[in-house]
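So the structure is just underneath, and the comments pick up after that.
The values are calculated or read from the model by the stated rules, or taken from the named source; none is laboratory data. Model, not experiment: these values are computed from the prediction. Here the Cβ positions follow ideal geometry from the backbone for every residue, glycine too, while neighbour counts run over all protein chains shown. Heads up: the accessible areas ignore ligands, DNA and RNA and are worked out on the full protein's heavy atoms, side chains in. Shrake-Rupley method; radii C 1.70, N 1.55, O 1.52, S 1.80 Å.
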Amino acid sequence: MNAKTVIMKASDLCKSFANNGGQNHVLDMINLEIYDGDFTVIMGSSGAGKSTLLYSLSGMDKPTSGRVCYKEKEISHLKEKEMAALRAHEFGFVFQQAHLVSNLTLFENVAVTGYLTKKRAEKEVRDRAKELLSLMHVGEAMDRLPSQVSGGEAQRAAIARAMVNEPGMLFADEPTGALNKRNTKEVLDLLSKLNEGGQNILMVTHDIKVAIRATRILYLEDGKVVDEMSMPAYRKEEARSREKQVEAWLSSMEW
């Protein structure tokens, strides 16, 4: 079996915050590798440092110490302008809330993200935006404002926006946390489909039904990665057995 290609690596990663005259160590000497082609999920109890790890890896937050490398290039000490350019060209982001611009249509929200990087001609950006919105099953709503669509439609448009520049990594922080059961399934199905097509995904969740979509789960405890679990690509017919596997593993972590 061929070794997996490392797309992102953290070395001795630490993140601390000042707290009542002391230091709160949220990430504690984390060493990990994220592999090309994986759907990686970060789990752990509340306060374990899940989102902080995601933000430190993605460059949205600077680590206190340690290194982050993306495609073998160190990115943890880039200047803000360089980091912003990397995020725009190489990273896509999806959060719990869609954070769409309220006075732009769904199409405009996606297209403007493509225009800003100038990676493609405007017509190519428009065509890709329409293609992605259709793929996300919101093509018929592309001319509506965010206030005129459901939460699930807005979140699917947010995924289209995150994908418009063909990111090397898609970062997702509790992307289904504000959605109902039906919309959660639709968003997860789309993320699974993107991963099947080769999209690298790194996602934070506290929900087992979300985590079973992963090919790899990392478990954080007190700012450290204490264990991990690998699984084959998700198949709908195996959902219940995967859920039992993950439940048993998390129980062993005293989750």
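Roughly how many debye, to the nearest 20, is the charge dipole of segment 80-173 about its Cα centre, given +1 on each Lys and Arg Cβ, -1 on each Asp and Glu Cβ, and no other charges? Intermediate values should be presented prior to the final figure.
On the way: 12 positive and 13 negative charges, 31 e Å.
Result for segment 80-173 is approximately 140 debye, rounded to the nearest 20.
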Here Rg/Rh (Cα, Kirkwood) for the chain equals 0.97
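Segment 17-98: which chymotrypsin sites (Phe, Trp or Tyr not before Pro) are DSSP loop and have at most 14 other beta-carbon atoms within 10 angstrom?
Numbers: sites: F17, Y35, F39, Y55, Y70, F91, F93, F95; in loops: F95.
Sparse-neighbourhood loop chymotrypsin sites (Phe, Trp or Tyr not before Pro): none present.
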DSSP-loop GluC sites (Glu not before Pro) across segment 62-91, with at most 11 other Cβ within 10 angstrom
E72
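Within the set K4/K50; K123/K236; K119/K181; K71/K123; K79/K118, which residue pairs have Cα atoms separated by over 28 Å? Don't jump to the answer; show the numbers that get you there.
Working: K4/K50 24 Å; K123/K236 37 Å; K119/K181 36 Å; K71/K123 30 Å; K79/K118 21 Å.
Listed pairs above 28 Å: K123/K236; K119/K181; K71/K123.
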Per-residue ellipticity at 222 nm for the chain, helices alone: DSSP H runs ≥ 4 residues times -39500 (n - 2.57), over residue total, nearest 500 deg cm²/dmol?
-11000 deg cm²/dmol
Give the Rg (one decimal place) followed by the Dmax (whole number) of segment 137-255, computed from C-alpha coordinates and expressed in Å.
15.4, 48
Of the candidates N103, N19, N183, which one comes out as most mobile in a Gaussian network treatment of the chain with C-alpha springs shorter than 10 Å?
N19
Ordered by residue, what ³J(HN,Hα) values in Hz, to whole numbers, does segment 9-16 give under the Karplus form 6.51 cos²θ - 1.76 cosθ + 1.60, where θ = phi - 60° and Gly and Pro are x?
9, 10, 10, 6, 6, 10, 9, 10
Angle in degrees between helix 151-163 and the longest Cα principal axis of the chain, rounded to the nearest 10
80 degrees
Given springs between every Cα pair under 10 Å in a Gaussian network model of the chain, which of L53, L116, L179 has the largest fluctuation?
L116
For V204, residues with placed amide H under 5 Å, excluding near neighbours
I42, A172, D173, E174
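Rounded, prolate or oblate: which fits segment 12-163 when a ≥ b ≥ c are the square roots of the eigenvalues of the alpha-carbon gyration tensor, with rounded for a/c under 1.5 and prolate only if a/b beats b/c? Kindly include the intermediate steps, with their values, before the conclusion.
Values: a/c = 2.31, a/b = 1.78, b/c = 1.30.
Judged from the Cα gyration tensor, segment 12-163 comes out prolate (a/c at least 1.5, a/b above b/c).
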Within the set A211, A172, A239, GNM on the chain using Cα springs under 10 Å gives the largest fluctuation to A239
Per-residue SASA entry for R144, accessible area with 1.4 Å probe, Å² rounded to 10
100 Å²
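Could you give the length gained on full extension between T64 and L104, defined as 0.36 nm per residue of separation minus the Cα-Cα distance, in nm? Walk me through the intermediate numbers first.
Working: separation 40, 0.36 × 40 = 14.40 nm, distance 3.70 nm.
Length gained, T64 through L104: 10.7 nm.
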Can you list the HN-Hα couplings for segment 117-131, worked out from phi with the Karplus curve (6.51, -1.76, 1.60; θ = phi - 60°), rounded to whole Hz and with x for Gly and Pro?
7, 6, 6, 9, 5, 4, 5, 4, 5, 4, 5, 5, 4, 5, 4
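In debye, nearest 20: dipole of the chain around its Cα centre with unit charges on the Cβ of K, R (+) and D, E (-)?
Working: 34 positive and 35 negative charges, 99 e Å.
In total the dipole reaches around 480 debye.
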